[in-house]
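Here's the structure, in structure tokens; my notes come after.
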Amino acid sequence: MKKSLTILTLFLLALTCQAQVNPKPGYIITNSGDTIHGTIDYRSDARNARECSFMAEGQTQYTTFTPTDIQGYRFADNGIYYVTRTFPVDGLQKTFFAEYLLQGGVSLFHHKENDTDYYYFIGEDGRVGTVKNDGLLKASPKEADRAKREALREASQIFAKSSKAQSELWRGEITAENLTKVTRDYDMEYCTSAGDCVQFRYDSKKSRSVQVKLRFQAAVGVGINSLEPNSYAYDKENNQRMTAFVPQIGVGADLLFPRSNKHWSLQALALLSYWNMSKEMRGVSIRCRL
């Protein structure tokens, strides 16, 4: 038992050590406005909001920056963009790295904290409208309607010029994609004097903390099964040895965690097997995968 516990402890320790870094190319923007290129440790949304682990080109160690240390950071190839902002979180003003979703006459930011998504709209007059999605929208229909009206109250005021935008807010789910679309359409119609919209959010599939890949599997097993009589058997010499041919086919999914640890994954697989046995001589058990 002690040996098993030791092996398990070492295995967990190995996973912890491997999970330290998920490097992605990118750059930081210093408080003086300079851009420094290098590598960013791409982790969960909550951690990305608190700190940025960055290693400049030519360096060998990461430096951790807080929102007061730099203006922001961004991943390469027009990737996700974080900027230092101060917004209300449950009545308290907090400074963090906010995900910049859209820049325009009305701008949009996203922040995740304690499994709650916060979206911040900055209107043409500088007023901030907050939308909070804390899971109540999945409650009973009556409770969900009340929660959604409360969640969208400030945002509806930001889009006061457009009944269409207010209607789209109400009909759609509270997600980054939907809110970005509503904001972009509103800016294109009512905020053209502020210039072109700049959408920073990139492919949502690439930014997911968990990625799912479909898996198909086919296998065949060939071996020997030996059935020996116990002490109560009438004929103690009648041993049965049978060959087994076991074709298998399976379907499932691989769960990858690129923003936590790119070295391991979870696998869910449903296998369908067919056993076909016949008497035969003793042999060696063989199993192969196709």
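Laid out as a table, the results:
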read-out: The range 81-94 - phi-based ³J(HN,Hα) in whole Hz, Karplus 6.51/-1.76/1.60, Gly and Pro as x; value: 10, 10, 10, 6, 9, 10, 9, x, 10, 6, x, 10, 7, 10
read-out: Carbon/sulfur fraction of accessible area - the range 31-182, other protein chains in place, 1.4 Å, %; value: 45
read-out: Ordering of 25-33, 180-188, 115-123, 88-96 by packing [mean C-beta count within 10 Å, highest first]; value: 180-188, 115-123, 25-33, 88-96
read-out: Extension reserve of the S156-T60 stretch, reckoned as 0.36 nm per residue once the Cα distance is removed; value: 29.7 nm
read-out: Stretch gain in nm, segment R146-D125, where the contour uses 0.36 nm per residue and the Cα spacing is subtracted; value: 4.8 nm
read-out: Integer Hz, Karplus 6.51/-1.76/1.60 couplings in order for the range 103-111, x for Gly and Pro; value: 10, x, x, 10, 9, 9, 10, 10, 9
read-out: Per-residue HN-Hα couplings for the range 28-38 [Karplus 6.51, -1.76, 1.60; θ = phi - 60°; Hz; x = Gly/Pro]; value: 10, 10, 6, 5, 8, x, 7, 10, 10, 8, x
read-out: Per-peptide average of other Cβ atoms within 10 Å, ordering 74-82, 101-109, 156-164, 57-65 highest first; value: 101-109, 74-82, 156-164, 57-65
read-out: Built amide H within the under 5 Å cut-off of F65, gap 5+; value: C52, S53, F54
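The values are calculated or read from the model by the stated rules, or taken from the named source; none is laboratory data. Computed from a predicted structure; not experimentally measured. Because the Cβ atoms are built from the backbone with ideal geometry, glycine has one as well, and the counts that use them run over all protein chains shown. Areas reflect the complete protein model, heavy atoms only, side chains present, ligands, DNA and RNA absent. Shrake-Rupley method; radii C 1.70, N 1.55, O 1.52, S 1.80 Å.
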